[in-house]
Structure formats: C-alpha cells, structure tokens
Amino acid sequence: MPQPRPGGILRNDGQYPRRNGPLSAGRRAADVPPPRTATEPRDAPAAAWRAPAQNTLLGILFICLAGLLFPMMNGVAKTLGADYSSLQVSWARAFGHVVFMLAAFLPRHGLGLLRTRRPGLQLARSATLFTSNLCFFLALTHIPIAKAAAISMTAPLIVALLAWPMLGERTTVARVLALGVGFAGVLTVIRPGTAVFHWASLFVLASAASYGLYQILTRTIAAADPPETSTVYSSVVGAFGILLALPFVWETPRSLFDVALFCSLGVLGALGHYCVARALGYAPASVVSPFQYFQLLGSVAVGWLVFDDLPDALTWIGAGVIVLSGLFIGWSQTRSGSRSG
C-alpha cells in the first residue's frame, strides 16, 4: 500500500510523528519549524516548531488533496509495474522521496537534519515502510487499485490492535468488537475460497500490517527526533539499503516518458505527505481524520479513468464496513483522549 504506503488510511499518514496516545482536539500535530534566527547554529537539529493558525477548511482541503495524490502515485506504480520489477519501482519511490525531502529541508536546517537520537529505531521504521510499499506495489500489478485501497484501509485497525501490547494504550470491549467487524469487512472484499479471490490480496494485507507497525514505531520515536528528520529517514532503507539487490532486477527505462514516471513517484509521494502534515497543522486530527478516507474515492477515480476498473458491489460493502469500523475506533480514541486530557 505505500504506501501510503501503501499505503495507513493515507498510505503514508504516519510520516509525520505525533506523541504517544491518541490526539485529542486540544493537541495539534507538529508542522514545519519557523526560520532559524541569526544566532542559531545552522547545523542544529530542529527541536521546536510553530504550528500555523487554525483553519479547518484549509485542513480538510489539504487532506483531500493528499487523498488524490496518493492514488495518482499508485496509478503510476501500477503502470510501471507492468514492465518493470516491483523492487525497482519501490526503489524509485523511496529514492525520489529522499532526494525531494533533502532538497526541501537541507537549505533551512543544514546537516543537523540528519542527526537522530534513535538511529536503530529510525532504520527499523524505514524498513517497515519500504516493506509496506513493496508489498503494495507488487499487489497492484495483479489487482485493481480500488480493491487494493479498500484492503489497505485495515492499517488503522492494525495500529489499534498493536497499540495495546506495544504502546500500553488502553482498549475497550467496543473497540475490540469494532476491530472484529472491520476485519469481517476485509473478508468481504477479498472473499477467500471464491472464484474472485486473488493471492495478491494477501500482499495488500501484509502491506497494511507493515504500515501499521511503521505507525507504531513513528509514535515511539516522536519524542526523540523532529518530524523533518523522521521524514527523511523514513525512506532511507528503500533508497540505499537495497542497492546491492537492485542490479539483479534493474531494467533501464525504455523511454523518456518512463523516466518521467519513475521520477514522479517520489514527488507525488512527498507532496502527499506534505499535504498530510499541512492538514494536521491547520486542523485537529479529530477533524481531518475522517476525510482521509477520501483516498478510497480517489483510488476508484484513478482506477476507472486510467485502467477502466470499477469495484463490484461486495467490494463497496466491505470497504464501507472497514471505513465505519476505522471511524468508530478513531472517534473512540479521540473521546477517551479528551477525557484523560
């Protein structure tokens, strides 16, 4: 799913860290840091940042724009996957992301951008995101984008499932029941044991599981490193960790158009993550989170306009069950966070 990552509700929603526990309406996600003062060392890491003025409408518009950018990226990946290895496509996505983010952040933050207090955790986090993207792009070569997007919506459910044992977040019977209902929706979409079942659906589930773990690790590292540093490191493993394997699957792009498609992967993904960050800066997470499911409509639009694919009735029903389950869990977490805060 990079997903998305393949990818969470928005394939790469966890790209910008937040503190442990659910975000209540009174807790804002971090945004881009203010400009450095003349006396501040240029190579110092960004340790503090200033949120922009609250603007709910702008926040919703940014999250909906991200919901279009990520399906466009997935459409490019599906197009390239017909002629090139999924590993090569995933590498182009990661490498383009790193280059784009370095170009955006290095002039302002200097080499301090690359300093991290938890290098091992950052690399583990990057590995889970690359795994998520690789599995999602591989699945896209076999199943429609809308179906893959519907299955990938299980990432928030997996986060809720892992948050209790890994982060110590309390859960409730209602959330457990919602998880069960959500996974029943997944079964409705993939329909194992029937003629419409495709093994590639399992790769989307693996992508969602990897992305869920990525989000958990993102929460864990939020207090150690600023979001700009985590944003760059999130694709380091995909960009540089697989270079030794790349020659075995590499195929030189056949045309300038294919080169442009490869380059667009990183740009579309990076812009999508930027829109997510801006949305969470302009409006509370409790407001913008429901609109993250707009990505499903974007995926349907790309699948229909580019690949002439439309989901069947059961896929719509299953996707609706998954979305409602995710919305309930998000609402429940926000409500409990407001009570405790």
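The values are calculated or read from the model by the stated rules, or taken from the named source; none is laboratory data. What you see is a predicted model; the values in this text were computed from it and never measured. In this analysis, Cβ positions are derived from the backbone assuming ideal geometry, glycine residues included, and neighbour counts consider all displayed protein chains.
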Can V99 be described as buried (at least 24 other Cβ atoms within 10 Å of the Cβ), among the β-branched types (V, I, T) and assigned to a helix (DSSP H, G or I)? no
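For residues in the range 78-96 being among the aliphatic types (A, V, I, L, M) and touching a helix residue (DSSP H, G or I) at 6+ places or on another chain (Cβ under 6 Å), which is surrounded by the fewest Cβ atoms within 10 Å (Cβ to Cβ)? Before you say what the answer is, go through the steps one by one.
Narrowing the range 78-96 to residues among the aliphatic types (A, V, I, L, M): 80, 82, 87, 89, 92, 94.
Then drop every residue that is not touching a helix residue (DSSP H, G or I) at 6+ places or on another chain (Cβ under 6 Å), which leaves 80, 87, 89, 92, 94.
Details: L80: 24, L87: 18, V89: 27, A92: 25, A94: 28.
Here the answer is L87.
Just need a number here: residues in the range 44-74 that are touching a Lys or Arg at 6+ places or on another chain (Cβ under 6 Å) and either at pLDDT below 80 or in a loop (DSSP other than H, G, I, E, B) (or both).
Qualifying residue count, the range 44-74: 2.
Quick check: anything in the range 243-255 over 23 Å from S126 (Cβ atoms) and buried (at least 21 other Cβ atoms within 10 Å of the Cβ)? Let's see the steps before the verdict.
Pass one, the range 243-255, residues over 23 Å from S126 (Cβ atoms): 251-255.
Restricting the remaining residues to those that are buried (at least 21 other Cβ atoms within 10 Å of the Cβ) gives none.
So far as the range 243-255 goes, no, none of its residues is over 23 Å from S126 (Cβ atoms) and buried (at least 21 other Cβ atoms within 10 Å of the Cβ).
Which count do you get for residues in the range 68-102 that are more than 25 Å from A200 (Cβ to Cβ) and over 21 Å from the mean Cα position of the chain (by Cα)? Quick ask: steps written out before the conclusion?
We begin by selecting, within the range 68-102, every residue more than 25 Å from A200 (Cβ to Cβ); these are 98-102.
This time we only want the ones that are over 21 Å from the mean Cα position of the chain (by Cα), so: none.
Residues flagged as more than 25 Å from A200 (Cβ to Cβ) and over 21 Å from the mean Cα position of the chain (by Cα) within the range 68-102 amount to 0.
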Out of all the residues in the range 261-312, which are surrounded by fewer than 21 Cβ atoms within 10 Å (Cβ to Cβ) and outside any helix (DSSP H, G or I)? P284, D308, D309, L310, D312
Subset of the range 137-177 [crowded, with 18+ Cβ neighbours inside 10 Å, part of a helix (DSSP H, G or I) and modelled with pLDDT under 85]: A155, P156, L157, I158, V159, A160, L161, A163, R175
Go through (1) in contact with an Asp or Glu (Cβ under 8 Å, 6 or more places away or on another chain); (2) crowded, with 23+ Cβ neighbours inside 10 Å and name the single condition T116 misses. (2)
Note on the range 182-212: residues surrounded by fewer than 16 Cβ atoms within 10 Å (Cβ to Cβ) and among the aliphatic types (A, V, I, L, M) are A184, L187, A195, V196, L202
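Residue-wise test of (1) modelled with pLDDT of 90 or more; (2) under 23 Å from F130 (Cα atoms); (3) more than 16 Å from the chain's Cα centre (by Cα).
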position: F240; (1), (2), (3): yes, yes, yes
position: F248; (1), (2), (3): yes, yes, yes
position: S255; (1), (2), (3): yes, no, yes
position: S289; (1), (2), (3): no, no, no
position: S340; (1), (2), (3): no, no, yes
Give the number of residues within the range 127-149 that are touching a Ser or Thr at 6+ places or on another chain (Cβ under 6 Å) and small (G, A, S). 3
Can you tell me which residues in the range 145-199 are hydroxyl-bearing (S, T, Y) and under 22 Å from the mean Cα position of the chain (by Cα)? S152, T154
Which one of the conditions (1) under 24 Å from T231 (Cβ atoms); (2) among the β-branched types (V, I, T); (3) at pLDDT below 90 does V267 fail to meet, given that it meets all the rest? (3)
The range 106-157: number of residues that are closer than 21 Å to S85 by Cα and among the aliphatic types (A, V, I, L, M): 10
